[in-house]
Amino acid sequence: MMGPGRGDRLDTPRGSRMRMRFDVEKIGSSSEAIARFLGTGRYLAIQTIIVIVWILLNVFAVSLRWDPYPFILLNLAFSTQAAYAAPLILLAQNRQDDRDRVSLEEDRRRAEQTKADTEFLARELASLRIALGEVATRDYMRRELEDIRNLIVSALDEDEDEPRESGRRRPRPDSAPDD
């Protein structure tokens with residue numbers, strides 16, 4: 001004997017027979033497109049033309065009067081349009097708020113990263129300046145070598161003024177040695 005089917009068990013909920021799956025993103029983008037169109041001058045111009053034609057036909061075309069003077073059908077159409085337009089506009093605004101929130105969070109993250117990078121570069125630049133302060137530059141080395149040369153020359157000049165021993169003379173640094 002076969003056991004009860006999965007749908008026959010009391011501890012298992014029945015699945016819905018009619019499952020409608022909506023693509024939320026597609027509905028949202030469609031509603032945004034409609035809301036954008038409702039806010040354009042083109043829409044206002046088209047609606048104004050339709051209303052003028054509606055009123056003219058119902059006032060002057062006696063045989064075509066489907067909505068006489070108080071224009072109750074036109075009023076109903078406007079009410080229906082408003083009933084759908086308001087939620088569409090709110091949905092579009094909510095989606096825009098969500099995008100703005102994500103964008104703001106991304107901007108904050110970028111700003112924090114930029115600040116951290118700037119602080120790091122400032123520390124690195126400061127350490128380079130300290131390191132360069134301890135490095136001998138070319139001009140500093142030239143001055144030091146020039147000072148040493150002048151000291152040697154002055155020491156040699158002082159030695160020349162002293163009595164010579166056994167007739168030997170020390171050569172000057174800027175002269176060529178005698179062969």
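Across region 141-170, the qualifying residues are those that are of a type outside the set (S, T, N, Q) and in a loop (DSSP other than H, G, I, E, B), and the one among them that is modelled with the highest pLDDT is Glu162. Under the condition of being part of a helix (DSSP H, G or I) and more than 51 Å from the chain's Cα centre (by Cα), the residues counted in region 26-74 number 10.
Residue-level check: of (1) within 19 Å of Gly28 (Cβ to Cβ); (2) among the hydrophobic types (A, V, I, L, M, F, W, C); (3) more than 27 Å from the chain's Cα centre (by Cα), Ala77 misses just (1). Of the listed requirements (1) within 19 Å of Ile27 (Cβ to Cβ); (2) without any contact (Cβ under 8 Å) to a residue 40 or more places away in the chain; (3) not β-branched (Val, Ile, Thr), Leu64 misses just one: (1). Considering only residues in region 60-85 that are exposed (fewer than 12 other Cβ atoms within 10 Å of the Cβ) and either touching a helix residue (DSSP H, G or I) at 6+ places or on another chain (Cβ under 9 Å) or within 16 Å of Leu38 (Cβ to Cβ) (or both), the one that is modelled with the lowest pLDDT turns out to be Leu64.
Only a single item in (1) of a type outside the set (A, V, I, L, M); (2) surrounded by 13 or more Cβ atoms within 10 Å (Cβ to Cβ); (3) free of Cβ contacts under 8 Å to residues at least 40 places away in the same chain; (4) at negative phi is not met by Glu32, and it is number (3).
List every residue pair whose Cβ atoms lie under 6 Å apart, where the two residues are 6 or more positions apart in sequence or sit on different chains, the first residue falls within region 44-58 and is of a type outside the set (D, E, K, R), and the second residue, located anywhere, is in a helix (DSSP H, G or I) and at pLDDT 90 or above. Here the result reads Trp54/Leu74, each pair linking region 44-58 to a residue that is in a helix (DSSP H, G or I) and at pLDDT 90 or above.
The values are calculated or read from the model by the stated rules, or taken from the named source; none is laboratory data. All of these numbers come straight from a predicted model, not from anything done at the bench. Every residue, glycine among them, receives a Cβ derived from its backbone with ideal geometry; neighbour counts consider all protein chains shown.
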